[in-house]
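Single-structure report; data block below.
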Amino acid sequence: MASFFLISCNKSADKPDHDKEVRDYHSGLVPLTDIDTNYMGYPGKLFPGNSNTPTGEYANDLQQICSDIKPLDENGHFNPFGKVGFVSVGPSTSLIMMNALIEKMQGNKNINPAIWPVPLGQGGMGINQLITNSTLFWDTVAMKLQEFQLSPNQIQVVYFEEDDNENYSSAFPERPLDVKEKLKEGLQLIKTKFPNVRVAYILARTTTIYMPIRDDNKQQEPIAYYLGFADKWLIEDQINGDPGLAYKGDNPLVPIITWGPYQWCDGDKYRSDGFNWLRTDTDDGLHPNDQGSDKLSTMFLNFLLNDEYAKIWFAK
């Protein structure tokens, strides 16, 4: 297995002032995975057809694309001694997750030794910084790739976690529809930067129910919850043939987009799969602390090793 490295990051912003009023620790919202009917008239579950798993032609394509992921040399050509670049793109929460995941990958003999993970997340860098082709954002990406000895041509898998950190609106469905279009732009740009990227995993985000109430807080619920709908609708648009989300053919514009482990739940209420998010999993209500990042990265690692499609390229 390749030698993995960690990028240092600040795991939490300012600690909450517990003398201030905080939200009730339950939002009353239902995780996407557990919605049996709909939310405000919109169907739940992760994929179309009231399903939490891929189906139909999309599932077949996902299987084929994952099977096509092979180690590449720095020019993007197959080489049995090459690398499968696996990177994270997103703000500080994605950086924390990827660092924790890399730590768990160290010495794990069940993982494909060609996997070369690199955390490209950057604190405070939301989707707007990415899609405006921010020189600061992409110069930092180039520097990290050079440091980790990975060529852009070798990157085939991206863990993509983004939201609009400049938008305070909690209108539904307007906010998730707007974010969805920005995510689409972001993935189109990623495809131009990493021409061989094949799969993008989205995880939504954890609940922010434990954040202190502030008038200027753009991450409070239900904003975090709505990111799941933006991600869900993005995948649905791709499945339904949006030409701007083409992932196959002679000129793919984006990678195939699919779910990683969905992270949102209503605080300490257990989801049907047994997952919950405790106040002790975060110090500031937004960023996972050591306990929270251990929980999330363990879930992500288990997904990569056991998911029907992800294990094709990730597992040894």
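Numbers below:
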{"item": "Given (1) farther than 22 Å from residue 259 by Cβ; (2) in contact (Cβ under 8 Å) with a residue 40 or more places away in the chain; (3) out of contact with any strand residue (DSSP E or B) (no Cβ under 9 Å at 6 or more places or on another chain); (4) in a helix (DSSP H, G or I), number of the condition residue 109 does not satisfy", "result": "(4)"}
{"item": "Residue ID - surrounded by the fewest Cβ atoms within 10 Å (Cβ to Cβ), chosen from residues in segment 146-176 that are in contact (Cβ under 8 Å) with a residue 40 or more places away in the chain and of a type in the set (A, V, I, L, M)", "result": "150"}
{"item": "Residues (modelled with pLDDT of 95 or more and within 30 Å of residue 301 (Cα to Cα)) located in segment 162-176", "result": "176"}
{"item": "Which numbered condition residue 129 misses (of (1) without any contact (Cβ under 8 Å) to a residue 24 or more places away in the chain; (2) more than 17 Å from the chain's Cα centre (by Cα))", "result": "(2)"}
{"item": "Hits in segment 257-292 (condition: under 14 Å from the mean Cα position of the chain (by Cα) and not in a loop (DSSP other than H, G, I, E, B))", "result": "257, 258, 259"}
{"item": "The lone exception for residue 135 - which of (1) among the hydroxyl-bearing types (Ser, Thr, Tyr); (2) modelled with pLDDT of 90 or more; (3) farther than 24 Å from residue 219 by Cβ it fails", "result": "(2)"}
{"item": "Residue ID - nearest to residue 195 (Cα to Cα), chosen from residues in segment 210-261 that are among the aliphatic types (A, V, I, L, M) and surrounded by fewer than 19 Cβ atoms within 10 Å (Cβ to Cβ)", "result": "253"}
{"item": "Which listed residue, of 234, 227, is within 20 Å of residue 190 (Cβ to Cβ), free of Cβ contacts under 8 Å to residues at least 60 places away in the same chain, assigned to a helix (DSSP H, G or I) and hydrophobic (A, V, I, L, M, F, W, C)", "result": "234"}
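The values are calculated or read from the model by the stated rules, or taken from the named source; none is laboratory data. Source: prediction; values computed, not measured. As a convention, Cβ positions derive from the backbone with ideal geometry for all residues, glycine included, and neighbour counts pool all protein chains shown.
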